[in-house]
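First up is the structure itself, then whatever we jot down about it.
The values are calculated or read from the model by the stated rules, or taken from the named source; none is laboratory data. Keep in mind it's a predicted model, so treat the numbers as computed, not measured. Here the Cβ positions follow ideal geometry from the backbone for every residue, glycine too, while neighbour counts run over all protein chains shown.
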Amino acid sequence: MRSLSPIARRVWRLSALVFWLLVLIAGVIVALAVDGAGPWPWIGPLVLGAAWVIVVPELRWRRWRWDLTEEGIDIQHGALTVSRTLIPWVRVQHVETQRGLFEQAFDLATVNVFNAAGSHTIPLLAQADAEELRERIAARAETDDEDA
């Protein structure tokens, strides 16, 4: 199975850092505004946020795998629990790429695969790889559609 771009860890760390900094700021405000709150409103987010920023992106990256098989698109992901999904080729309705702010900054893209049940993503691939993957999935889905 294939993995995501190694830069995905940086993007996830940066996203988590922004979130936990906002939580930390809120905790500091609570600690200053509430008499007797003590340091816990900001120490908790500081410790939990630091652990989250260091550990979770690495776990997510190590467990994120995807591949194109004869049956369909095989996706495995998770940090603490691992989920595995197989999207049969005949169920693929359309596929697209998207690039958020962090993805644009790091020259990455996410591939979204749509079927009747919803959508599935393969995030944080190098932009050129994402474009190629989108074309391969679209071509394979069209071929299997014509065979049905």
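With the requirement that a residue be surrounded by 12 or more Cβ atoms within 10 Å (Cβ to Cβ) and either at positive phi or of a type outside the set (A, V, I, L, M, F, W, C) (or both), what does segment 94-114 give you? Reasoning before the result, please.
Initially, segment 94-114 is screened for residues surrounded by 12 or more Cβ atoms within 10 Å (Cβ to Cβ), giving 94-100, 102-103, 105-114.
Answer for segment 94-114, where residues must be surrounded by 12 or more Cβ atoms within 10 Å (Cβ to Cβ) and either at positive phi or of a type outside the set (A, V, I, L, M, F, W, C) (or both): HIS94, GLU96, THR97, GLN98, ARG99, GLY100, GLU103, ASP107, THR110, ASN112.
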Taking GLY72 and the conditions (1) surrounded by 12 or more Cβ atoms within 10 Å (Cβ to Cβ); (2) on the phi > 0 side of the Ramachandran plot; (3) out of contact with any Lys or Arg (no Cβ under 8 Å at 6 or more places or on another chain), which numbered condition does it fall short on, given that it satisfies the others?
-> (3)
What about ARG134, is it outside the structural domain of ILE7 (by TED's automatic domain parsing), modelled with pLDDT of 95 or more and in a helix (DSSP H, G or I)?
-> yes
From (1) surrounded by fewer than 15 Cβ atoms within 10 Å (Cβ to Cβ); (2) in contact (Cβ under 8 Å) with a residue 60 or more places away in the chain, pick out the condition that doesn't hold for ALA50.
-> (2)
Please determine, by comparing only the residues of segment 1-40 that are of a type in the set (Val, Ile, Thr) and more than 20 Å from the chain's Cα centre (by Cα), which one is surrounded by the fewest Cβ atoms within 10 Å (Cβ to Cβ).
-> VAL34
Can you spot a residue in segment 79-86 that is surrounded by 13 or more Cβ atoms within 10 Å (Cβ to Cβ), modelled with pLDDT under 95 and touching a helix residue (DSSP H, G or I) at 6+ places or on another chain (Cβ under 7 Å)?
-> yes
